[in-house]
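The values are calculated or read from the model by the stated rules, or taken from the named source; none is laboratory data. Computed from a predicted model, the values in this text were never measured in an experiment. All Cβ positions, glycine included, derive from the backbone under ideal geometry; neighbour counts span all protein chains shown. Protein only, heavy atoms only, side chains kept; ligands, DNA and RNA dropped before computing areas. Shrake-Rupley method; radii C 1.70, N 1.55, O 1.52, S 1.80 Å.
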Amino acid sequence: MRLMHIVDSLEFGGLERVVTDLAIEQKRRGDTVCVFSLLATEGLKPELEAAGVEVIVGHKRDGLDIGLILRLRRAMAWRNIDLVHAHNFVPNYHAAAAIRTMFGGPVQVCSLHDMGFRLEREKRLRQYFLWSLRHTRGVAMVGSQVHGRYVGDGLVPAERATTVLNGIPVERFRWTLERRRIARERLGVPEDALLIGAVGRQVALKNHRLLIALMPALLKQHPSLHLALVGSGPLEAELRAQAETAGVAARVIFTGQRKDVADLTPGFDIFAMPSLTEGLSIALLEACATRLAIVATAVGGNPEIVRDGQTGLLVPPDQGEPLQAALERLLADAPLRERLGQAACDWVSEHASIGALYRTCSAFYQRARQG
């Protein structure tokens, strides 16, 4: 097929990562694939282009951009696109507006990657998106929690809805002793120290403050402990100040935004995700593939990935005592870390690899094209 993915941008994030990996896999398997980014972008663009996937930049302005719709329509027509795969709300309504003005235009499908709280806050966005769904042949919700939200609230008709799991190239994240050694060197953490790691934007919903707040108590039991926060965001300065005030700044590593995340996570002993909300987290899937022992909050799609006591530990959101207890349990028990990490790796290899996502999306596209 001749496929076009449409995204808001290609800056570093979970949605953008999964679209990049999917497009590269589709290209590798023989499809003609391009990615249209509504906003001016860099981020993952060089990686796509290096793999032979064309990236088109729309230079979107605020609001409903008529010029962007015309550019999008031309891009579809010139490339004779068979199917457009839009990701989330704004890309979907721009795609629908472009296709509606074409004669014999491509089939349109959409993936919804989160719980859609923006639709509650932004009424015009909700109106545009609901209009676009009337012209969308199939809607893939990323995880059963997301599916239940949209179908249960009547936003997406059940007959056009399906559930998919995100997929990752699991081989990129394989754990080895050598990769652990290199990661520890890059992070500046001693080989024999214990290391808790978290990956994600430093925003309130990721709740990194709770991890920093627990560090003084955890260090009393485990004096070699370090915490690595991989990523950046608007709360970085505030989190650094919190670590200074708590007297743990020397043990909290702020890596900033990194392109080598897959080369850092093998250095972790424990992967912590204390988020207040999540969709189906790419970072969590990557932690599974890296064979890490996981502690995550029981929110959003996390329980679809982490089976409590089997592939990790689940705790209630924003509660320090259960999170501390789970972390202390893992820090004190290396065999338990090994058992949970291996089970998580086995699960992601079977259910959430990039190959599994390719097969799921191919079947999804075929149903949409058949009407």
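Data for the structure
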| item | result |
| --- | --- |
| Listed values [x] 22.4; [y] 17.8; [z] 16.6, entry calculated as mean projected area of the Cα convex hull in nm² | [y] |
| Selection from Ala352, Leu327, Ala283, by position along the positive dipole direction of the chain (Cβ) | Ala352 |
| Unit charges on C-beta of K, R, D, E only; dipole of the chain, Debye | 1180 debye |
| Calculated from backbone phi, Karplus (6.51, -1.76, 1.60) coupling profile of segment 48-58 in Hz, x at Gly/Pro | 4, 5, 5, 8, x, 9, 5, 10, 10, 10, x |
| Overall form of segment 186-270 per C-alpha gyration tensor (a/c, 1.5; a/b vs b/c) | oblate |
| The chain, accessible area per residue, ligands and nucleic acids excluded (1.4 Å, Å²) | 42 Å² |
| Expected-Rg normalisation [2.2 N^0.38 Å, Cα atoms] applied to segment 262-350 | 0.96 |
| Percent carbon-and-sulfur accessible area, the chain, ignoring ligands, DNA and RNA, probe 1.4 Å | 51 percent |
| P(r) tail fraction, segment 137-291 - alpha-carbon pairs more than 18 Å apart, % | 63 percent |
| Cα point-scatterer Debye curve for segment 219-371, base-10 log of I(q)/I(0) at q = 0.17, 0.18 Å⁻¹ | -1.07, -1.19 |
| Leading residue at positive end of dipole, segment 1-131 (Cβ point charges), from Ile6, Ala97, Ile24 | Ala97 |
| log₁₀ of I(q)/I(0) at q = 0.20, 0.24, 0.31 Å⁻¹ - segment 245-298, Debye sum with one point per alpha carbon | -0.88, -1.11, -1.27 |
| Local electrostatic count, Met1, Cβ distance below 9 Å [Lys/Arg +1, Asp/Glu -1] | 0 |
| Net dipole in debye of segment 257-344 [+1 Lys, Arg Cβ; -1 Asp, Glu Cβ; about Cα centre; nearest 20] | 180 debye |
| Global geometry of segment 46-85, whether rounded, prolate or oblate, following the gyration tensor of its Cα atoms and the 1.5 cut on a/c | oblate |
| Gyration tensor verdict on segment 26-113 (Cα atoms; rounded if a/c is under 1.5, prolate if a/b is larger than b/c, oblate otherwise) | oblate |
| Candidates Gly63, Gly105, Gly116, ranked by Gaussian network fluctuation over the chain, Cα under 10 Å, top entry | Gly63 |
